[in-house]
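The values are calculated or read from the model by the stated rules, or taken from the named source; none is laboratory data. Predicted model, so just to flag it, every value in this text is computed and none were measured. Heads up, the Cβs are rebuilt from the backbone with ideal geometry, glycines too, and the neighbour counts pull from every protein chain shown. What goes into the accessible areas is simple: the full protein's heavy atoms, side chains included, and nothing from ligands, DNA or RNA. Shrake-Rupley method; radii C 1.70, N 1.55, O 1.52, S 1.80 Å.
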Amino acid sequence: GFWHMKRRGSSYYTFAMNYDDLTKNLGFLKSSDNGKNWTAFGSSLKTLRIAEFDVSADGQTIYASPRDVQEIKKSTDGGANWTGIAVNGNGPTAISPSDSNLVLYASCCKVMRSTDGLQTEQEVLTLNKVHDIVFAPSDNTVVWLINEGYDLYKSTDSGATFTKIKNLRSDVLNAN
């Protein structure tokens, strides 16, 4: 199965995983020709359960969150070499398109923010399971976040603070 697909410019990235046997994972794959051809990279992470990852705008910085491991893997050379950073980041991960050192990631009940490539971090939000964190492509100071209860949050300061906009389930889906 494939967890996520990321597009950066004309390149696509994914992590292909075999749920039953991690030794059969394909691992990280990249296509630079709209999916016609794919190249494997990041072989040292191939047998992990990469739950979430994000790729910087230039394709050089990648943050990957292995499931059930208390660290985030980081590469600054397009996935050739990786280091482990001891943080609890098993949820969505988002890199600012304008600054690869600005990272937001979620764990069980927290959203964390780093402005220095995960050398330090600050908790910016406490809430139940986060499903997605996305920097707006038109304005990188705007960040959208949605959690398990379909609460939609917005940040206008690059993820330093968030405001709940609405509950999509009660305010939109079930509105009469």
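For region 94-133, give me each residue that is among the aliphatic types (A, V, I, L, M) and either under 14 Å from the mean Cα position of the chain (by Cα) or surrounded by 20 or more Cβ atoms within 10 Å (Cβ to Cβ) (or both).
Step one: list which residues in region 94-133 are among the aliphatic types (A, V, I, L, M), which gives 94-95, 102-104, 106, 111-112, 118, 124-125, 127, 130, 133.
If the condition is that a residue be among the aliphatic types (A, V, I, L, M) and either under 14 Å from the mean Cα position of the chain (by Cα) or surrounded by 20 or more Cβ atoms within 10 Å (Cβ to Cβ) (or both), then 94, 95, 102, 103, 104, 106, 111, 112, 118, 125, 130, 133 are the ones that fit.
List the pairs whose first member sits in region 74-86 and is free of Cβ contacts under 8 Å to residues at least 60 places away in the same chain and surrounded by 12 or more Cβ atoms within 10 Å (Cβ to Cβ), whose second member is part of a strand (DSSP E or B) and β-branched (Val, Ile, Thr), and whose Cβ atoms are under 7 Å apart, counting only residues at least 6 apart or on separate chains?
74/83; 74/85; 75/62; 79/62; 85/72
Just name the residue that is modelled with the lowest pLDDT out of those in region 1-30 that are of a type in the set (Ser, Thr, Tyr) and over 18 Å from residue 75 (Cβ atoms). Outline the logic, then answer.
At the first step, the residues of region 1-30 found to be of a type in the set (Ser, Thr, Tyr) are 10-14, 19, 23.
Next cut, over 18 Å from residue 75 (Cβ atoms) only: 10, 19, 23.
Details: 10: 84, 19: 81, 23: 89.
Among those that are of a type in the set (Ser, Thr, Tyr) and over 18 Å from residue 75 (Cβ atoms), it is 19.
Among the residues of region 79-94, count how many are over 14 Å from residue 60 (Cβ atoms) and among the hydrophobic types (A, V, I, L, M, F, W, C).
Count: 4.
Which residues, counting only those in region 69-78, are under 15 Å from the mean Cα position of the chain (by Cα), of a type outside the set (Ser, Thr, Tyr) and modelled with pLDDT of 90 or more?
Listed by number, the residues that qualify are 72, 73, 74.
Out of 156, 141, report the one residue that is open to solvent by 80 Å² or more (accessible area, probe 1.4 Å), at pLDDT 95 or above and either at negative phi or not basic (Lys, Arg) (or both). Break it down stepwise before answering.
Working: 141 fails: open to solvent by 80 Å² or more (accessible area, probe 1.4 Å).
156 is the lone residue from the list that is open to solvent by 80 Å² or more (accessible area, probe 1.4 Å), at pLDDT 95 or above and either at negative phi or not basic (Lys, Arg) (or both).
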